[in-house]
Each structure stands twice: as C-alpha cells, then as structure tokens.
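Chemist: The structure's right below; bear with me while I get my questions together.
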Amino acid sequence: MWTFLIAGALYGFAAGAQPGPFTAYLISLTLKQGFRRSLPAVFAPLISDSIIVAITMLVLFSVPPQLLRWLHLAGGVFVLYLAWGAWKSWRDYKDTSATEISIGQSVIKATLVNLFNPNPYLGWSLVLGPIVLRAWREAPRSGLAVVAGFYAALFGTTIIVMLTMEFARARGPQVTRALIAASAIVLAGMGVYQLWLGMLFRG
C-alpha cells in the first residue's frame, strides 16, 4: 500500500509544481484576495476531477482526440478571460480588493479552469487511472492510497505556492500590483498557448 501511496504523492507533487492555468489562476487570486480567502479554491479539483474521472472511465481511458481539441480552444478563451480580469485588477488596483470576489465565485472559476484544462484528462486516462485500477485490484485500500497520496501532495504543493505569493503580497501594494501584472501576462500567455494548441491539433 505504501508504494501506491508514494506513487500517488509523487504525481500529485509534479502536478502541483508544474506551471499551468489552474496554478496561475490561484496565484492571481491570492495576490488579489489574500491566502485565506483564496484557500477554498485550492480544493476545486475535488469537484472537477469527479467529472473528469467519469468521462475518462466512460471512454475506457482513451480520451477522444476531438475532445482535447475543443478543451484547448475553450480553455484558451476562458484563461484569456481570467487574464483580462487580472489586468483590470492591476489597472484599478486598491488595497481593499479582497472583497471583490466571493469565495463561491472563486471556487467556481477554479473548477472551470480545471475542467477546460486537458492535462487532468490526460493524467487520469494515461497515468493515474491505470495506477488506481491496478492498485484497487490488489486491494481497495491500495487504490484509495493512490488517490489520497495524489490529492494530499497536490493540495500541499499548491498551498506552498500560494503562501509564497502571500508573503510577496505582504511586502506592500507596489509589489502586489507588480505581481498581479505579471500574473495577468502569464495567464494571457497560457490562454494564447492553449488556443494555439487547439488550432494546430490534428488528432
């Protein structure tokens, strides 16, 4: 069981540490609202992944190529929308911006970011799904260990990234405003990249 727990944790750490739309959105959210108000959005994958796992299971771990194309395109548009929101926050920056977005809204947006991101579909269909099934066949608790290790590491890594941004945010409004501008640029770049992948996709 411990082997499967470690395998899930390693993949969760990799997923949390790599840059992506979900992490970029959480960084932007933390800079605007602070760590405490942004923390619930960290757990959005628990909502989105339940849908993603159901889809990948239904197609027997073979994600249809056209689905990935439209996920790239839809995800690109949505991430560009988030970049626009981050740019507006930079343009109209105020120290009282922590009250602008409700916790519910932030969780919904984080869930949508993950649903429109092809990476979780590929991860569950090609990596996590097969590992969980193999572990479950050995013992149900081993399958649960993979899932527990993955989400514990994913959430832990993401929280560390957000705490780093919270520390930077505490340095003062000028630093926060500069980092918000940087997050807007990163989100815009990721949105354009997603659209580019979708337009070039020939699966």
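A short reminder: the numbers here are calculations on the coordinates, not readings from a lab. For clarity, every value in this text was computed on a predicted model and none was experimentally measured. When we count neighbours, we look across all protein chains shown, and the Cβ atoms used for this are built from the backbone with ideal geometry, even at glycine.
Chemist: How do 177-184, 127-134 rank on mean C-beta neighbours within 10 Å, highest first? List each step's numbers first, then the result.
Modeler: Details: 177-184: 19.6, 127-134: 17.2.
In descending order of packing, they fall as 177-184, 127-134.
Chemist: Neighbouring Cβ atoms within 10 Å as the yardstick, rank Thr164, Thr111 fewest first. Spell out each step's value before the answer.
Modeler: Numbers: Thr164 13, Thr111 20.
With the sparsest Cβ surroundings first, the list reads Thr164, Thr111.
Chemist: Can I ask one more? If only Cα atoms are counted, what is the Rg of segment 104-161, and what is its Dmax, in Å?
Modeler: 13.5, 40
Chemist: Moving to a separate point now. Over the chain, with a Gaussian network built from C-alpha contacts below 10 Å, which listed residue (Met165, Met57, Met190) shows the highest mean-square fluctuation?
Modeler: Met57
Chemist: Taking Cα pairs under 8 Å and at least six residues apart, what relative contact order does the chain come out at, in percent? Each step should come with its number before you reach the end.
Modeler: Numbers: 282 pairs, mean separation 95.6, N = 203.
Computed over the chain, the figure is 47 percent.
Chemist: Would you please classify the overall shape of segment 149-203 from the alpha carbon gyration tensor, given that a ≥ b ≥ c denote the square roots of the eigenvalues, rounded means a/c under 1.5, and beyond that prolate means a/b larger than b/c while oblate covers the rest?
Modeler: It comes out oblate by the Cα gyration axes.
Chemist: Taking neighbour Cβ counts within 10 Å as the exposure measure, how do Lys32, Lys88, Lys109 sort from fewest upward? Can you show the working numbers first?
Modeler: Details: Lys32 24, Lys88 13, Lys109 19.
Ranked by crowding around the Cβ, least crowded first: Lys88, Lys109, Lys32.
Chemist: Set the Förster radius R0 to 25 Å, insert the Cβ-Cβ distance between Leu46 and Ile6 as r into 1/(1 + (r/R0)^6), and round the FRET efficiency to 0.05. Intermediate values should be presented prior to the final figure.
Modeler: Numbers: r = 21 Å, r/R0 = 0.85.
That gives a FRET efficiency of 0.75.
Chemist: With labels modelled as points extended 7 Å from the Cα through the Cβ direction, what inter-label distance (nm, one decimal) is found for Ile55 paired with Leu163?
Modeler: 3.3 nm
Chemist: On to the next question. Restricting attention to the alpha-carbon atoms of the chain, what are Rg (one decimal) and Dmax (integer), both in Å?
Modeler: Every Cα atom of the chain included, Rg and Dmax give 17.6, 56 Å.
Chemist: Let me ask you something else. Based solely on its DSSP helices, what 222 nm [θ] is calculated for the chain when runs of n ≥ 4 H residues each add -39,500 (n - 2.57) and the sum is averaged over all residues, nearest 500 deg cm²/dmol? Show your work: numbers first, answer last.
Modeler: Numbers: 10 runs with 160 residues, N = 203.
-26000 deg cm²/dmol, from helical runs alone.
Chemist: Suppose every K and R has +1 on its Cβ and every D and E has -1 on its Cβ; what is the size of the dipole of the chain about the Cα centre, in Debye to the nearest 20?
Modeler: Values: 15 positive and 6 negative charges, 43 e Å.
Computed charge dipole of the chain: roughly 200 debye.
Chemist: May I pose another question? Past the 20 angstrom mark, what percentage of all C-alpha to C-alpha distances in segment 97-203 do you count?
Modeler: Values: 3470 of 5671 pairs.
The proportion of pairs with Cα distances above 20 Å equals 61 percent.
Chemist: Using a 7 Å offset from the Cα along the Cα-to-Cβ direction at both Ala14 and Ala139, what is the distance between the two label points in nm, to one decimal?
Modeler: With each label point 7 Å from Cα toward Cβ, the separation is 2.5 nm.
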